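First the structure, in the form of structure tokens, and then the observations on it.
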Amino acid sequence: MFIQTEATPNPATLKFIPGRVVSDGSPMEFSSREAAGRSPLAEKLFEVPGVVGVFYGSDFITVTKASGEWQQLKPAILGAIMEHYMSGAPLLADGTAQADVDLDDEDEFFDEADAETVDMIKDLIETRVRPAVANDGGDITFRGFKDGIVYLNMKGACSGCPSSTATLQHGIQNLLKHFVPDVVEVRPM
């Protein structure tokens, strides 16, 4: 098994590509050792000293470090990923490879009068923004829309990335303002 690695715009996050499906469903983020309890692979990755975040995309895993150098962390991370896939163990402790509930939809907020505008915003995020963000080892989801402000949640490599503010302000905000005149600003949540 060969696992590729790619740098991301976030120097604290590295993207690992195992050459097979990682998550069948929506992306999953584990931002603590406790949250990782539902995934044997995430638990193993959190055992590597310095690891503070794990994110599963459709065909990649991003790992975020708080300390240490990638040269020292990478062998242990690669070993944990390889051991997991070679063992044939499921991604999640319940035996599946996907999250059973998409919690993102539950916390959305917007006025029903803005439903058409929100649908346009979500469509643009889904078709134009998320694929580009996934290339960088992250994900971005719609959280809400109020008073012309779009609220987005950044995950994986995008969470805490030094260039995420520029991505939001110049890339995503300009795109949404161009196609959806009601949008005046984009903010992270």
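List of remarks:
- Shape category assigned to the chain from the gyration tensor of Cα positions, a/c cut at 1.5: prolate
- Comparing mean-square fluctuations of F46, F60, F110 from a GNM of the chain with C-alpha springs under 10 Å, the top value falls on F110.
- Helix 115-124 axis versus longest C-alpha principal axis of the chain: approximately 40°, rounded to the nearest ten.
- Prolate/oblate/rounded call for region 4-87, Cα gyration tensor, a/c under 1.5 rounded: rounded
- Were the residues from S32 through R187 laid out at 0.36 nm apart, the gain over their Cα-Cα distance would be 53.4 nm.
- Between helix 70-87 and the chain there is an angle of about 80 degrees, using the helix long axis and the longest principal axis of the Cα atoms.
- In order through region 179-189: 3J(HN,Hα) via Karplus (6.51 cos²θ - 1.76 cosθ + 1.60), integer Hz, x for Gly, Pro: 8, 10, x, 6, 7, 10, 7, 10, 10, x, 10
Read-outs throughout are calculated quantities, based only on the coordinates presented, and are distinct from any laboratory measurement. This one's a predicted model, so the numbers in the text were calculated from it and none came from an experiment.
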